[in-house]
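See structure below.
The values are calculated or read from the model by the stated rules, or taken from the named source; none is laboratory data. In this text, all values refer to a predicted model and were calculated from it rather than measured experimentally. As a convention, Cβ positions derive from the backbone with ideal geometry for all residues, glycine included, and neighbour counts pool all protein chains shown.
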Amino acid sequence: MHILERLLQAHIAVIRDTANGGRLGFEIGELAIKAVTEGIGTPEWKAYMSLFADNLQQLSRLTDRTDVANDYFPKGRAYIVANGTCGAETDTFTLKGVESKIQDLPQPLPSNIDGNIVDFPGPANPPANMVIRPLKIPPI
């Protein structure tokens, strides 16, 4: 899946979960607040952004502040984390303000699942390069 597709998946999952009395929107919001508070380059930022990546190249695009091939990347990252701080009682639109540039420039990122980013709880003994998402976003 592409980054934008995962953002949309999160948006739809939060709406569905909230309608059923769930707390997914609040859980995403808490992760976003930790990411904002601790900042880019921290484990909290990486954990939050892992929700929207299916492979290490996508995660790098969302976490690597040296990736400045396009001046839009900092703005796109800011939108992604800021949108997540909105709880389910607001619009929960994680995709708001994020343009396709985040995944398409300077060349399109692959959309494949590479097995290096997995949902919690992950394997008992994960390899060093494996990223375990702090929560699972249900499929749409």
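Some notes on this structure:
- Residue check for T63: within 26 Å of N112 (Cβ to Cβ), of a type in the set (V, I, T), modelled with pLDDT of 90 or more and buried (at least 17 other Cβ atoms within 10 Å of the Cβ): yes
- Candidates are the residues of segment 8-41 that are assigned to a loop (DSSP other than H, G, I, E, B) and under 23 Å from T66 (Cα atoms); the one that is modelled with the highest pLDDT is G39.
- Residue match in segment 80-87 (condition: more than 23 Å from G115 (Cα to Cα), over 13 Å from the mean Cα position of the chain (by Cα) and touching a residue at least 24 places away in the same chain (Cβ under 8 Å)): yes
- L56 more than 13 Å from the chain's Cα centre (by Cα) and within 15 Å of D119 (Cα to Cα): no
- Scan of segment 86-101 for residues that are out of contact with any Ser or Thr (no Cβ under 7 Å at 6 or more places or on another chain), buried (at least 16 other Cβ atoms within 10 Å of the Cβ) and either at pLDDT 75 or above or not polar (S, T, N, Q) (or both), ordered by number: G87, F93, L95, V98
- No other residue among A128, A124 is among the small types (G, A, S), more than 28 Å from F26 (Cα to Cα) and at pLDDT 85 or above apart from A128.
- Test: residue in segment 42-62 that is outside any helix (DSSP H, G or I), of a type outside the set (D, E, K, R), farther than 17 Å from M130 by Cβ and out of contact with any Asp or Glu (no Cβ under 9 Å at 6 or more places or on another chain): yes
- Among (1) buried (at least 16 other Cβ atoms within 10 Å of the Cβ); (2) at pLDDT below 85, the one test that P74 misses: (1)
- Selection over segment 102-138 of residues that are outside any loop (DSSP other than H, G, I, E, B) and either touching a Ser or Thr at 6+ places or on another chain (Cβ under 7 Å) or over 20 Å from W45 (Cβ atoms) (or both) gives a count of 4.
- Residue match in segment 105-112 (condition: farther than 20 Å from I80 by Cβ and surrounded by 14 or more Cβ atoms within 10 Å (Cβ to Cβ)): no
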